[in-house]
Amino acid sequence: MTVFVTDSKMPFLEAAIDRVRVEECFDRCLAIAQNCCLQKVEVIRHKPGRRCLIAYELVDGSGKIIRLIGKVRAKGTDFHSYELQKSLWEQGFADDSVDGISVPEPVGIIPEWQMWLQRQVEGKIATQLLTPNNNILLANKVAEAAHKLHQTNIPPRRSHTMSDELRILQERLTLVMEQYPEWQIRLERILVASHHLGENTPELKPCGIHRDFYPDQVIINNSRLYLIDLDLYCEGNPALDIGNFIAHIQEYSLRNFGNFKVLREYENALITRFIELTNNTTYPVIEAYTTLTLVRHIHISTQFPERRPFTSELLNLCEQRLHVN
């Protein structure tokens, strides 16, 4: 497959998608890819000037297919994410983990392309399995995966506090006010109420959290669940991950089923299982982070044409949850 991509911030992308140069580089840098023939290169996602995701399909001497994902970052190789994933893989998240919770296997780094690579995971993202039928067993597994990550004790190199959460909301909603001045008063009231909620939300014992935990970050392969895209891993409130996940489910329900309550049984199962697994998590803390994430979704909805029709309904939902008149 021939692909073309140019990026002045990542000029090496030309080499990273060139078959001859990829084969030579992989053979030299990746033990898993030595003496393999490259069959396919596909640019999965490209954010110009920021990052690029590239899929590679190789065949080894015995005819076995090897699929890899290369993650490229314009500001430099993300060594931290590679080392985190390597540590997780070695500490109970490998493909043979008894609990069926894993991360994709990290396979190497190519510094000259500012890239690290992992095996591509087969399966469906959890979003594809969100239906009104409510897969309660899957909801339980998602809660168990979040809890397992929170218990790893791998030291994060950064933190995310409630102050950070509120600062982000302030920045994002200010942008929405500029784009939709007719909503300024309502958005200002939502911001005031969000700050009040955040400042009165109990702080649980911090731990390593995903921080971008939502259904697209979970891949299901039969009975095995994979956590992906841990780039934002940091020290934070464990309830944030669950609240973030629930908010994404409600926003998804609103867009796809016309009602944010359609997947409520799934949400309740996830929350109940997570609280069962933890001794210090309370329902109100999860609810607080769910609300704050939904407020953030007001801004997110304005960034995609297909989501803009739902911005007004998100405003209404946030006002209801924050008791804003």
P(r) histogram, all alpha-carbon pairs of segment 113-230 included - 10 Å bins from 0, percent: 10, 28, 29, 27, 6
Stretchable slack from residue 158 to residue 257, in nm (0.36 nm times residue separation minus alpha-carbon distance): 31.9 nm
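State the three equivalent ellipsoid semi-axes of segment 125-322, derived from the C-alpha gyration tensor as the square roots of 5 times its eigenvalues, in descending order and whole Å.
Working: eigenvalues 136, 84, 44 Å².
With the √(5λ) rule applied to segment 125-322, the semi-axes are 26, 21, 15 Å.
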Most mobile listed residue (145, 288, 33) in the chain, GNM with C-alpha springs under 10 Å: 33
Distance between modelled label sites at residue 168 and residue 31, nm, 7 Å Cα→Cβ extension: 3.6
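Counting each DSSP H run of 4 or more residues in the chain as -39500 (n - 2.57), what helix-only mean residue ellipticity at 222 nm follows after dividing by all residues, to the nearest 500 deg cm²/dmol?
Details: 10 runs with 142 residues, N = 325.
-14000 deg cm²/dmol, from helical runs alone.
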Within segment 65-164, trypsin sites (Lys or Arg not before Pro) in DSSP loop having at most 11 other beta-carbon neighbours inside 10 Å: 75, 157
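What does the charge count around residue 12 come to, taking other residues whose C-beta lies under 11 Å from its C-beta (Lys +1, Arg +1, Asp -1, Glu -1)?
On the way: positive: 9, 21; negative: 7, 14, 18, 112.
Neighbour charge sum, excluding residue 12 itself: -2.
Based on a Kirkwood Rh over C-alpha pairs, give the Stokes-Einstein translational diffusion coefficient of segment 13-120 at 37 °C and viscosity 0.692 mPa s in µm²/s. Before the final figure, lay out the partial values.
Values: Rh = 14.3 Å.
Estimated via Stokes-Einstein, D reaches 229 µm²/s.
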Radius 10 Å from Cβ of residue 48, net charge of other residues (Lys, Arg +1; Asp, Glu -1): +3
Potential lengthening between residue 60 and residue 79 on full extension [0.36 nm per residue; Cα-Cα distance subtracted]: 4.1 nm
Gaussian network model of the chain, Cα within-10 Å springs - most flexible of 182, 287, 57: 182
Rel. contact order, % - alpha carbon contacts under 8 angstrom, at least six apart, the chain: 15
Selected from 22, 107, 262 as most flexible by GNM, with the chain as the system and alpha-carbon contacts under 10 Å: 22
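If the chain between residue 268 and residue 24 were fully stretched, how many nm would it gain, using 0.36 nm times the residue separation less the Cα-Cα distance?
Values: separation 244, 0.36 × 244 = 87.84 nm, distance 5.09 nm.
Value of the extension gain: 82.7 nm.
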Part-to-part distance (alpha-carbon centres) for segment 236-291 and segment 29-87, which is given in Å: 33
Proximal lysine pairs, the chain, alpha carbons under 23 Å, eight or more residues apart or interchain: 20
In nm, spacing of pseudo-spin labels at residue 223 and residue 312 (7 Å Cα→C-beta vector): 4.9
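Bear in mind these aren't lab numbers, they're just calculated from the coordinates by the rules spelled out. Note that the structure is a prediction, hence the values are computed from the model and not measured. Backbone-built Cβ (ideal geometry, glycine too); neighbour counts: all protein chains shown.
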